[in-house]
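What follows is one structure encoded as structure tokens, with my remarks underneath.
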């Protein structure tokens, strides 16, 4: 386990976009154009997260109130930009052009919590069709179970004390170029490209905390 000093040495001054372009030409059902434009939007969240953090350090801390102040506005939009950055990184990193499978441990836990794999996928698909922003499979530290959660925005309806395992972007920008308004077809393509190896790793990491 890393010591406190080792963790402190890992701090960074600014967020940097992560490179996911290595699979943009190869996913089935998601075009390079769709993924490249989506990635540009992600880069925008990274830049705004950095800008907002800079402004927070210099914004006036006087005349605070919950109706309006510059500082309050920066605090609200910080959660939007930061979550937008992180959720997109989780989304892109759980996509792959390679053939992968859920681990026995992950699949066994799904069967425990949803009875069948089909029930799990059906519920996750329903969440993805009903929300305006994100559908997430996550491990809940409070009850020790896997659940599906929906978010209408990066910083709206965010579940606490959970670790995301599988993240689906259901904003129109994630699929409009390829599928117009047909989200159901996009979801079919998404599930064809899930990187279950990454999901397995996130699940294993969740159990270690």
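The values are calculated or read from the model by the stated rules, or taken from the named source; none is laboratory data. Note that the structure is predicted; figures quoted are calculated from it, not measured. Cβ coordinates were reconstructed from backbone atoms using ideal geometry, including for glycine residues, and neighbour counts include every protein chain displayed.
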Selection count where residues are in a strand (DSSP E or B), touching a residue at least 24 places away in the same chain (Cβ under 8 Å), closer than 25 Å to residue 208 by Cα and in contact with a strand residue (DSSP E or B) (Cβ under 7 Å, 6 or more places away or on another chain), scope the stretch 124-157 | 8
Taking interchain pairs and intrachain pairs at least six residues apart, which have beta carbon atoms under 7 angstrom, with the first residue in the stretch 48-73 and surrounded by fewer than 10 Cβ atoms within 10 Å (Cβ to Cβ) and the second part of a loop (DSSP other than H, G, I, E, B) and at pLDDT below 95?
-> 63/69
Please determine, by comparing only the residues of the stretch 158-175 that are free of Cβ contacts under 8 Å to residues at least 40 places away in the same chain and surrounded by 13 or more Cβ atoms within 10 Å (Cβ to Cβ), which one is farthest from residue 103 (Cα to Cα).
-> 172
Would you pick out the residues in the stretch 14-42 that are surrounded by fewer than 13 Cβ atoms within 10 Å (Cβ to Cβ), more than 16 Å from residue 189 (Cβ to Cβ) and touching a residue at least 24 places away in the same chain (Cβ under 8 Å)?
-> 14, 16
Restricting attention to the stretch 85-109, which residues are in contact (Cβ under 8 Å) with a residue 60 or more places away in the chain, part of a helix (DSSP H, G or I) and exposed (fewer than 14 other Cβ atoms within 10 Å of the Cβ)?
-> 105
Applying the selection to the stretch 184-197, what residues are in contact with a helix residue (DSSP H, G or I) (Cβ under 6 Å, 6 or more places away or on another chain) and buried (at least 18 other Cβ atoms within 10 Å of the Cβ)?
-> 186, 187
